[in-house]
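Some notes on the structure that comes next.
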Amino acid sequence: MKKNLIGIFLLFSTLSVFAQGIEFEHSSWSEAVKKAKAQNKLIFVDVYTSWCGPCKVMSTQVFTRPEIGATYNQGFVNVKIDAEKGEGIALAKKYEVKSYPTYLFINPADESLFDRSKSSIAAADFNDLGDRVITKFSGKKEISLAELDAKYKSADYDEAFSRAYIKRLKAEGKSTNPVLEAYITKFITNTATSDQLYFIGLNFTKGAGSKLYDYMIKNYKEIDAVLCKNDGVSAANLYSKIRDEAKSKIDEVFKSNGVISVGETELNTLFANLNAVEISERKDKKVLEYKIRLYSSNNDTVKLIEAYRAYISRFLLPADKTATIGKEGIIIDKNAPLPVLGIDSAGASGWCSNYALRLSKLSKQSQDKKLAISLCKKAITLNKSSVVKNSMNVTIYNFGDKAGAIKQQSDLIAEMKVSNDEYLTNAETTLQKMKDNESDIPVFSYKRKLQKKLQH
């Protein structure tokens, strides 16, 4: 009875550890190495930094999953190191870590690198990574890729083999798309099951063939819903891939045919594909950017002004909560995604100023002046530099309020003299051009050194 109770206690203790996800060591590197030697296990090392978005995603969305804990707690001694603090600095240098997160699998016998991976990885793929490394370390022979290739070419295989083959190709860094397209043709006759949709979404890569791409666009909502339910990281990864694919197809049309020769009718299908995968708050954002390029090249002023109005009103004046969605963001709730960085930053002020200036050169209507001035004020709220204020004054000048622009530019110059602003000469040149009633006054921008500083 006592033995049974001990066994039950150990079982529940083990399950408790696994249920918590990966259990990381809270000890020195040397102690972790000593423990791994004693248990004859590899050391799994998560190399991160405090500012790394994907690192936080992996820590909160993947490492905490029970199935990940089951694999990694049983197969490895797990360690987290901050590459910018303590022992992490030397270890990151020793193992030549160049990006974050990086995952190292270290042989404790001589502290040599046994295997490695990086970036945000979907939970299922991260689990497969652990299993493959454990199998490799155990010395078990794996079926060669050449043997798998031969069986696939024979066409005599079932769905289980097809899935295993696709996963192996993915692990080897090879394109899965041709085989994934064949998988859909061979095994999905009518409606795909949730399990099949999950598998397809998890294993789609960029550069898809036209049939597979069309399938992904047509079934994106269903695939995305399944991914969101099972694994937010895989949903974010697929969103990024499909969106990039949709954008690249539009870019190809622009580059190959030239914007002037391409009409809206020809682009509407491509725009629809882009919007099919876009988050609701961002629908039409990229489409409007493409249309602005189209109307500008075709000198279609009426449509260009309409496009600017829509873009400014919908995407520049309001805060864009989804500005940086991608691999670093978890798209579980389409209406409330988690951005890594907000668009309301100093760098965005130049974007706002630029669009206000563009509109001021096209229209003299009061509604457009009001819209542009509101955008300039937002730019100044984000960045109160003389460069941004000067841009606002030129915008006012372009809308015909020359007296008001000259007054504000004079006031700005007075401020700049007090602060010994390095752009004082530029501002004075702008003022003189206003007084000379010049029709096209260029704005000055940050010097290269300051631009780099703002980007960081």
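The values are calculated or read from the model by the stated rules, or taken from the named source; none is laboratory data. All of these numbers come straight from a predicted model, not from anything done at the bench. Counting neighbours? That spans all protein chains shown, and the Cβs are built from the backbone with ideal geometry, glycine included.
Here are the numbers for this structure:
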| item | result |
| --- | --- |
| Restricting segment 291-306 to residues that are modelled with pLDDT of 95 or more and hydrophobic (A, V, I, L, M, F, W, C), the residue that is surrounded by the most Cβ atoms within 10 Å (Cβ to Cβ) | Leu304 |
| Residue match in segment 7-17 (condition: under 34 Å from the mean Cα position of the chain (by Cα), surrounded by 18 or more Cβ atoms within 10 Å (Cβ to Cβ) and either in a helix (DSSP H, G or I) or at pLDDT 95 or above (or both)) | no |
| Residue count for segment 50-77, restricted to those that are surrounded by fewer than 19 Cβ atoms within 10 Å (Cβ to Cβ) and among the β-branched types (Val, Ile, Thr) | 2 |
| Residue within segment 118-131 that is in contact (Cβ under 8 Å) with a residue 40 or more places away in the chain, surrounded by fewer than 19 Cβ atoms within 10 Å (Cβ to Cβ), within 24 Å of the chain's Cα centre (by Cα) and not assigned by TED's automatic domain parsing to the domain that holds Ile22 present | no |
| Number of the condition not met by Lys34 [criteria: (1) at pLDDT 90 or above; (2) buried (at least 20 other Cβ atoms within 10 Å of the Cβ)] | (2) |
| Close pairs (8 angstrom Cβ cut-off, 6 or more residues apart or separate chains): assigned by TED's automatic domain parsing to the domain that holds Tyr355 and aliphatic (A, V, I, L, M) in segment 395-412, exposed (fewer than 14 other Cβ atoms within 10 Å of the Cβ) and not in a helix (DSSP H, G or I) anywhere | none |
| Residues that are within 23 Å of the chain's Cα centre (by Cα), of a type in the set (Ser, Thr, Tyr) and in a loop (DSSP other than H, G, I, E, B), drawn from segment 151-206 | Ser175, Thr176, Thr205 |
| Flag if Thr135 is free of Cβ contacts under 8 Å to residues at least 24 places away in the same chain, surrounded by 13 or more Cβ atoms within 10 Å (Cβ to Cβ) and not in a strand (DSSP E or B) | yes |
| Matching entry among Thr102, Thr135 (being over 20 Å from Val33 (Cβ atoms), of a type in the set (Val, Ile, Thr) and out of contact with any helix residue (DSSP H, G or I) (no Cβ under 7 Å at 6 or more places or on another chain)) | Thr135 |
| Among residues of segment 353-362, those that are modelled with pLDDT under 95 and small (Gly, Ala, Ser), counted | 1 |
| Enumerated helices (runs of 4 or more DSSP H) restricted to segment 32-108, each holding at least 3 residues that are in contact with a Gly (Cβ under 7 Å, 6 or more places away or on another chain) and in the same structural domain as Gly21 (by TED's automatic domain parsing) | 66-75 |
| Qualifying residue in segment 78-94 (condition: surrounded by fewer than 18 Cβ atoms within 10 Å (Cβ to Cβ), without any contact (Cβ under 8 Å) to a residue 60 or more places away in the chain and among the hydrophobic types (A, V, I, L, M, F, W, C)) | yes |
